[in-house]
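Participant: Below are the structure tokens for one structure; questions will follow.
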Amino acid sequence: MERRYDLDWLRVIAFGLLIFYHIGMFFVPWGWHIKNNTIYEWLIYPMLFLNRWRMPLLFIISGMGAALSLQKRTGLQFSKERFIRLFIPLVFGILVIVPPQVYIERIAYNGFTGNYFDFWPSESFIGEYPTGNLSWHHLWFLPYIFTYSLILLPLFLYLKKKPNTRFINWLSKKVSSQYSIYLFILPLFLMESFLDPFFPITHSLFDDWFNFFYNLVLFLYGFIFITKQELFFKTVSTYYKTYFKIGIMAFSLFLYLISFQDGWQRHFLEAAVNQINMWSWLLTFFGIAAIYLNKKSKIIAYCNTAVYPFYILHQTVIVVMAYYIKDAEWNLFTKFIFLVATTFLICFILYHFIIRKIRILQFVMGVKPKEKASNKVIINTN
């Protein structure tokens with residue numbers, strides 16, 4: 001099977017947008033680890049736009065990556081690869097990468113007065129965040145993908161052995177239809193309608209039932225779409241303009257709905273519009289990428305390897321740098337550009353000059369050694 005460079009590009013773009021999104025969290029009213037001295041209410045709207053589809057895109061691409069990874073692996077080999085590429089970076093992240101974020105939050109708001117080595121490691125692993133200090137913070141994506149990979153492995157192996165079951169063939173008809181492909185949002189709509197009100201998102205895996213099952217379904221969809229990738233990419237390439245128009249209308253209606261008082265009528269309507277909006281933008285992006293980005297280049301080869309360490313590192317860099325400018329009397333543009341520039345620059349320096357040259361750092365950051373790099377898309381990461 002030929003490599004799909006469009007999936008590489010979507011993966012890189014999605015994680016690039018994640019950096020911008022987390023920088024945006026510094027400026028909006030929503031709760032986050034550290035906040036700017038001035039909050040900008042209007043930024044909620046572009047943040048809401050990203051928020052509707054950025055994580056679903058990553059979970060679907062991750063499911064696609066799992067399908068591609070499993071093509072030339074046994075179930076045991078696949079599980080080992082997932083452990084090395086997901087679980088080990090998660091543990092390293094919890095022990096080394098995340099603690100500076102918690103430390104910054106503590107000295108900014110909780111009155112901790114010692115230096116970092118007074119905090120780490122003696123204080124950093126006491127209690128569970130937010131009351132304690134132990135957390136995986138932005139790396140929550142990794143334990144979810146790891147868990148999904150293991151839970152769904154028996155089903156994946158079955159579909160690998162029998163890709164043309166009656167149910168999959170039925171799904172193929174839906175995938176190949178301009179509008180029937182929207183039937184995939186039905187389970188997502190039901191979960192948002194009936195689980196979301198009772199299980200707020202916690203990112204803690206074990207008590208995060210709405211978020212857990214919602215993203216599990218998206219991960220499974222990614223696997224199915226690769227199983228029937230000719231039909232899927234033909235559909236999104238052909239009709240992406242239609243999906244773009246639906247996305248604009250759905251997001252506009254979504255903004256209109258959230259201006260009303262809460263109520264069960266609004267809840268179900270909002271859930272339906274939210275899922276149509278999310279799905280439309282996903283189909284649009286897959287379609288545009290399939291047409292314009294499915295091309296080999298040295299840029300995407302480099303970025304596709306660098307994006308995982310960037311993901312692991314970026315929020316720690318943002319939080320640390322934001323702490324030192326949060327009270328500065330700079331305008332939004334200056335602070336935003338400063339955080340974007342320093343985050344990308346520091347992550348690049350750490351990756352290009354250190355991580356990619358030291359084998360043990362490659363291992364704990366989920367980077368394959370250059371000489372062993374695969375030519376298959378394997379999605380590891382948020």
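Participant: Given the residues L188, L150, which is the only one that is closer than 30 Å to R73 by Cβ and buried (at least 17 other Cβ atoms within 10 Å of the Cβ)?
Facilitator: Values: L150 fails: buried (at least 17 other Cβ atoms within 10 Å of the Cβ).
Among L188, L150, only L188 is closer than 30 Å to R73 by Cβ and buried (at least 17 other Cβ atoms within 10 Å of the Cβ).
Participant: If you take the residues of segment 222-253 that are aromatic (F, W, Y) and crowded, with 22+ Cβ neighbours inside 10 Å, which of them is nearest to the chain's Cα centre (by Cα)?
Facilitator: F223
Participant: On to the next question. All but one of (1) under 30 Å from N36 (Cα atoms); (2) without any contact (Cβ under 8 Å) to a residue 40 or more places away in the chain; (3) surrounded by fewer than 19 Cβ atoms within 10 Å (Cβ to Cβ); (4) not aromatic (F, W, Y) hold for V317; which doesn't?
Facilitator: Condition (3) is where V317 drops out.
Participant: Determine whether W140 is open to solvent by less than 30 Å² (accessible area, probe 1.4 Å), in a helix (DSSP H, G or I) and not acidic (D, E).
Facilitator: yes
Participant: Please specify each residue of segment 1-36 satisfying the condition of being hydroxyl-bearing (S, T, Y), open to solvent by 30 Å² or more (accessible area, probe 1.4 Å) and without any contact (Cβ under 8 Å) to a residue 60 or more places away in the chain. Show your work before the answer.
Facilitator: Residues of segment 1-36 hydroxyl-bearing (S, T, Y): 5, 21.
This time we only want the ones that are open to solvent by 30 Å² or more (accessible area, probe 1.4 Å), so: 5.
The answer is none; no residue qualifies.
Participant: Still on this structure, please answer the following. What about V102, is it at negative phi, modelled with pLDDT of 95 or more and open to solvent by 20 Å² or more (accessible area, probe 1.4 Å)?
Facilitator: Working: at negative phi: yes; modelled with pLDDT of 95 or more: yes; open to solvent by 20 Å² or more (accessible area, probe 1.4 Å): no.
It is false that V102 is at negative phi, modelled with pLDDT of 95 or more and open to solvent by 20 Å² or more (accessible area, probe 1.4 Å).
Participant: Could you give every pair whose Cβ atoms fall below 8 Å, whose first residue belongs to segment 99-121 and is touching a residue at least 24 places away in the same chain (Cβ under 8 Å) and more than 19 Å from W136 (Cα to Cα), and whose second residue is surrounded by 11 or more Cβ atoms within 10 Å (Cβ to Cβ) and among the charged types (D, E, K, R), counting only separations of at least 6 or pairs across chains?
Facilitator: Hits for this filter: A108/K326.
Participant: Here is a follow-up. Among (1) in a helix (DSSP H, G or I); (2) in contact (Cβ under 8 Å) with a residue 40 or more places away in the chain; (3) open to solvent by 30 Å² or more (accessible area, probe 1.4 Å), there is one condition R266 misses while meeting the rest; what is its number?
Facilitator: (2)
Participant: So, in segment 38-79, how many residues would count as being β-branched (V, I, T) and farther than 30 Å from Y158 by Cβ? Give the derivation first.
Facilitator: Let us first name the residues in segment 38-79 that are β-branched (V, I, T), namely 38-39, 44, 60-61, 74.
Subset that is farther than 30 Å from Y158 by Cβ: 38-39, 44.
Counting residues in segment 38-79 that are β-branched (V, I, T) and farther than 30 Å from Y158 by Cβ gives 3.
Participant: Among (1) out of contact with any Gly (no Cβ under 7 Å at 6 or more places or on another chain); (2) crowded, with 18+ Cβ neighbours inside 10 Å, there is one condition R85 misses while meeting the rest; what is its number?
Facilitator: It fails just one condition, (1).
The values are calculated or read from the model by the stated rules, or taken from the named source; none is laboratory data. Not measured: the values here are computed from a predicted model. As a convention, Cβ positions derive from the backbone with ideal geometry for all residues, glycine included, and neighbour counts pool all protein chains shown. Ligands, DNA and RNA are stripped out before the accessible areas are found, and what is left, the full protein with its side chains, is counted by its heavy atoms. Shrake-Rupley method; radii C 1.70, N 1.55, O 1.52, S 1.80 Å.
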